[in-house]
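Engineer: Let me give you the structure first, and then I'll get to my questions.
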Amino acid sequence: MITEIGHFSLILAFIVSLCQGAVPFYARYKMGEQMHLLTPRLAIINALCVSISFLCLVWAFIVSDFSVALVAEHSHSSKPMIYKISGSWGNHEGSLLMWIFILSIFGAALALTQKAMPVLHKSTTLGVQAMISAAFLAFSLFTSNPFERLTSAPIDGNGLNPVLQDVGLAMHPPTLYLGYVGLSLAFSFAIAALINNSVDKNWARYMRPWVQIAWSALTLGIGLGSWWAYYELGWGGWWFWDPVENASLMPWLAATALLHSVIVVERQEHLKSWTVLLAIIGFSLSLLGTFIVRSGLLTSVHSFASDPTRGLFILAILIFSIGPPLMLFAIRGPNIKSNGPLQLLSREAGLVINNFLLVCASITVLIGTFYPIALEMVSGTKITVGPPYFMATFNPIMGLLVIFMGIAPLLMWRRGLLPKSAKIWMIALSALIIISGLFYWENNGLSIPAIAGIATTIWLGFALIGDIVLRIRTLYKNNHSDFWKRCVHLQWGMWVAHIGIVIFLIGALGDGIYRSESIARMNPGETVLLGTDKAEFMAISNNSGPNYDALIATLKLTDQANQQIGILQPEKRIYPVERQTTTEAAIKRTLTGDYYAVLGDGNITDGYTIRLYHKPYISWIWFGVILMASGAVASLLIERSKNRQKHAGLLT
Amino acid sequence: MSPKSKRLMLFFVATVFLATAAGLTLSALKENIVYFFTPSEINLQEIGNRSVRIGGLVQSGSIKIEGLTASFIIEDADSQQVVLYKGALPDIFRDGQGVIAEGKFNTNIFIADVVMAKHDEQYMPREIADKLKEQGVWQGDAPK
């Protein structure tokens with residue numbers, strides 16, 4: 001019964017979406033201003049229907065209703081509850097429903113907030129949003145219905161791929177989708193502004209919070225995915241330049257560019273048409289990501305069971321959401337007038353460079369990801385483009401970006417430098433030379449990319465600290481009575497996010513330059529060297545978990561001075577229901593680096609294969625990601641509080 | 001500078017940068033492409049000292065492990081290729097498994113740096129699935 005309710009509300013949501021998409025345009029035609037008030041209400045009804053539907057699916061997973069085909073195929077009664085719940089989005093149909101769920105929640109959120117936004121604009125934006133929603137609801141209902149019933153229910157389900165039974169994975173898709181789908185709202189804003197000819201300051205002001213939320217979630221989602229891959233896949237890496245990872249990186253780069261360019265529109269009414277274009281491209285790239293994952297075009301850990309009709313359907317959505325918007329852009333774009341010529345030495349020019357480099361970076365990722373597919377289609381030759389390509393193209397561009405990140409924040413809007421910024425750059429430059437010199441000397445030479453990476457990180461770190469100190473000091477010297485209040489309203493969001501990048505870079509460089517690894521075939525009692533540390537294989541034992549049996553190795557790590565660092569217990573798990581084995585890496589985390597052990601195959605006579613890694617500073621990567629994501633949220637909150645104060649000031 | 005010459009200069013700088021970026025990208029692409037072959041497609045002269053990927057099924061009974069070094073044979077319908085690999089084999093590496101090895105040739109033995117097989121036991125790398133279906137060795141997954 002509950003399943004049928006879910007199915008019914010999904011159909012209802014589809015019909016509501018169609019109405020919601022039609023209302024603003026009908027209202028335009030009929031000149032019915034009042035009708036525009038209907039769209040936000042429809043958006044809320046739509047969100048209610050989809051939420052009911054989504055909850056019904058989760059319920060079917062919770063109670064293990066195996067008469068539902070999806071549950072029978074992907075769940076099992078012996079699974080822990082949390083993975084039963086997360087299992088509802090660990091498959092194609094369920095994750096699609098979650099996508100739609102988040103989409104409708106964003107619609108309702110816009111309907112309920114930003115009361116001051118002109119009715120016409122809000123209505124049109126929600127209308128465009130509803131069209132996307134209708135397309136995906138049709139996709140779900142006609143090709144991937146999660147509520148399909150089986151005529152005879154099996155006694156138990158097939159189970160969920162054990163690799164996917166994990167907390168990281170329970171959280172990774174929802175956050176990533178929050179980001180992808182958040183970009184849909186920026187897209188809807190852009191299309192609505194093109195339709196209404198209203199690309200201006202206010203438009204940017206209303207759109208910006210959504211971009212910040214989407215960007216923050218996307219950053220966190222990608223970070224979670226990388227964290228999961230790091231500890232679960234047992235390869236010890238955190239980024240593999242896998243096509244599906246690239247598919248999430250491209251919209252991230254576009255969204256990062258958008259996050260910055262929308263500020264320029266809000267402050268200076270510059271870069272207007274470019275920002276509109278970025279909003280369209282950002283969402284198109286996230287659809288492209290979805291297409292790659294769903295179509296079975298690529299094989300990777302992310303692929304769901306592939307089905308050509310589904311691929312075609314998404315391709316149709318993709319073409320429909322890129323083609324007409326770009327046409328609209330071509331027609332309306334020339335009408336958008338930006339604010340006079342750009343000064344070379346100004347904050348806005350700095351942000352243009354930021355956008356330019358980010359777009360270049362995403363193009364290199366695009367080429368590396370799609371060239372193999374294109375080549376195979378054209379000539380049938382099968383190739384892969386590996387990490388070296390991305391290191392040779394993506395990394396230098398991002399390096400340049402990091403250098404400019406140390407410069408642009410010290411530029412002022414319109415024209416000129418912040419006083420004393422030359423001093424900051426001198427300090428940063430000398431710090432860069434001295435510290436990278438020390439690194440070079442200490443290591444008896446490092447590769448050029450390694451030194452360049454260290455140098456740019458130091459540059460950014462010092463320039464950032466300089467910027468923060470300078471602005472706070474100037475504020476303090478002006479001796480305002482409300483120093484603290486004003487201090488809170490400084491650009492903390494940007495600073496936190498940029499500090500996040502420095503921390504991230506420290507992690508990435510520490511692991512990239514100083515990691516060590518060793519592989520050995522060992523019997524209990526034997527010892528292996530890992531860099532300057534030692535690992536002793538103490539014992540091997542059996543254990544059984546809730547739905548698996550495990551083989552556990554115990555390793556004792558000691559450093560040069562024979563001080564114990566810790567005990568590592570990597571596992572090999574056998575899941576009888578799914579008939580699969582997985583390796584569970586053991587990780588000893590410290591602030592200055594992780595020790596990572598994986599148990600390979602083996603037996604008691606020949607010994608066991610054991611892989612060990614030392615990964616200096618690797619956790620800083622995820623600290624950095626968290627800071628970046630919080631920076632965007634902080635910026636949103638600070639901006640709100642500032643606006644509220646301004647309003648209060650106007651009223652009194 | 002007049003706005004016009006400024007714009008020209010900006011355009012010039014952007015073009016130079018883009019051209020350099022495009023050049024670097026293309027050369028990086030050219031150097032870092034890894035080709036994929038099944039054993040019957042291997043042409044030693046053509047491959048030379050390049051890094052390539054070899055894919056196929058692990059021949060039954062061909063796996064020999066000595067300490068850390070494993071030797072095994074990757075086969076397709078018509079041909080076999082001996083592979084040497086030092087390191088940890090993937091979890092589900094076994095007879096009849098579809099695998100991909102990346103590495104270089106030393107005379108006619110393939111020295112692999114990486115051996116890939118996915119966690120899913122039904123997993124078949126798509127490149128292999130396509131080619132093996134063409135050759136009729138493997139019929140695809142049993143329908144689910």
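Engineer: Computed over the Cα atoms, what is the radius of gyration of segment B:1-51 divided by 2.2 N^0.38 Å, N being its residue count?
Structural biologist: In units of the globular-protein estimate, segment B:1-51 measures up at 2.13.
Engineer: Further question: Would you work out the charge dipole size for segment A:454-554 about its Cα centre, treating the Cβ of every Lys and Arg as +1 and the Cβ of every Asp and Glu as -1, and quote it to the nearest 20 debye?
Structural biologist: The dipole of segment A:454-554 has a size of about 760 debye.
Engineer: By a straight-distance test (C-alpha under 28 Å), which lysines pair with A:Lys115 as possible cross-link partners, with residues fewer than eight away in the same chain excluded?
Structural biologist: List returned: A:Lys30, A:Lys201, A:Lys272, A:Lys337, A:Lys485, A:Lys642, A:Lys646.
Engineer: Here's another thing I want to ask about it. Grab the beta carbon distance between A:Ile15 and A:Met81, set R0 = 56 Å, and tell me the FRET efficiency rounded to 0.05.
Structural biologist: 0.95
Engineer: So, one more: Can you tell me the dipole magnitude for the protein assembly as shown around its Cα centre, using point charges on the Cβ only (Lys, Arg +1; Asp, Glu -1), in Debye to the nearest 20?
Structural biologist: Rounded to the nearest 20 debye, it is 4280 debye.
Engineer: Exposure proxy check: A:Ser152, A:Ser9 ranked by fewest other beta carbons within 10 Å?
Structural biologist: Neighbour counts put them in this order, fewest first: A:Ser152, A:Ser9.
Engineer: Over the Cα atoms of segment A:134-245, compute the convex hull volume and normalise it per residue, giving Å³.
Structural biologist: 155 Å³
Engineer: Remind me, what semi-axes does segment A:1-121 give for its equivalent ellipsoid, largest first in whole Å, using sqrt of 5 times each Cα gyration tensor eigenvalue?
Structural biologist: Taking √(5λ) for each Cα gyration eigenvalue gives 35, 14, 10 Å.
Engineer: Can you work out D for segment A:504-612 in µm² s⁻¹ from Stokes-Einstein, where Rh is the Kirkwood radius over C-alpha pairs, the temperature is 10 °C and the viscosity is 1.306 mPa s?
Structural biologist: 107 µm²/s
Engineer: Measuring from label point to label point, each 7 Å out along Cα→Cβ, what is the A:Glu33 to B:Met116 span in nm?
Structural biologist: 6.1 nm
Engineer: Follow-up question, since we're still on this one. Might you report the magnitude of the Cβ-based charge dipole of segment A:530-652 about its Cα centre, with Lys and Arg at +1 and Asp and Glu at -1, to the nearest 20 debye?
Structural biologist: 820 debye
Engineer: Kirkwood hydrodynamic radius, computed over distinct alpha-carbon pairs, for segment A:301-424: how many Å, to one decimal?
Structural biologist: 18.8 Å
Engineer: Would you kindly calculate the translational diffusion coefficient of segment A:412-570, applying Stokes-Einstein with the Kirkwood radius from alpha carbon pairs, for 37 °C and a viscosity of 0.692 mPa s, and quote it in µm² s⁻¹ without decimals?
Structural biologist: The calculation lands on 160 µm²/s.
Engineer: For B:Lys86, which lysines qualify as cross-link partners when the Cα separation must be under 18 Å and same-chain residues fewer than eight apart are set aside?
Structural biologist: Straight-line reach from B:Lys86, under 18 Å: B:Lys64, B:Lys104.
Engineer: Considering only C-alpha atoms, what is the centroid distance from segment A:578-615 to segment A:420-484, in Å?
Structural biologist: 39 Å
Engineer: Farthest toward the dipole's positive end in the protein assembly as shown, which of B:Leu57, A:Leu176, A:Gly350, given Cβ charges of +1 (Lys, Arg) and -1 (Asp, Glu) about the Cα centre?
Structural biologist: Farthest towards the positive end: A:Gly350.
Engineer: Can you pull out the trypsin sites (Lys or Arg not before Pro) in segment A:552-617 that DSSP calls coil and that have at most 11 other Cβ atoms within 10 Å?
Structural biologist: Sparse-neighbourhood loop trypsin sites (Lys or Arg not before Pro): A:Arg579.
Engineer: While we're here: Roughly how many Å is it from the Cα centre of segment A:71-107 to that of segment A:137-209, as a whole number?
Structural biologist: 12 Å
Engineer: By how many nm would the segment from A:Ile604 to A:Lys337 lengthen if fully extended, with 0.36 nm per residue of separation less the alpha-carbon distance?
Structural biologist: Full-extension gain reported as 88.6 nm.
Engineer: Counting pairwise Cα distances across segment B:13-119, what percent come out greater than 17 angstrom?
Structural biologist: Counting every Cα pair in segment B:13-119, those more than 17 Å apart make up 56 percent.
Engineer: Distance between the C-alpha centers of segment A:248-290 and segment B:66-97? Whole Å please.
Structural biologist: 47 Å
Engineer: Could you give me the radius of gyration and the Dmax of the protein assembly as shown, taking only the C-alpha atoms into account and expressing both in angstrom?
Structural biologist: My reading of the Cα-based Rg and Dmax gives 28.1, 87 Å.
Engineer: DSSP beta bridges in the protein assembly as shown, what fraction antiparallel, as a percent rounded to 5?
Structural biologist: Here the antiparallel bridges make up roughly 95 percent for the protein assembly as shown.
Where a number appears in this text, it was derived from the coordinates with a stated rule and is not lab data. The model shown is predicted, which means the values in this text are computed figures rather than measured ones. Cβ atoms come from the backbone with ideal geometry, glycine included; neighbour counts cover every protein chain shown.
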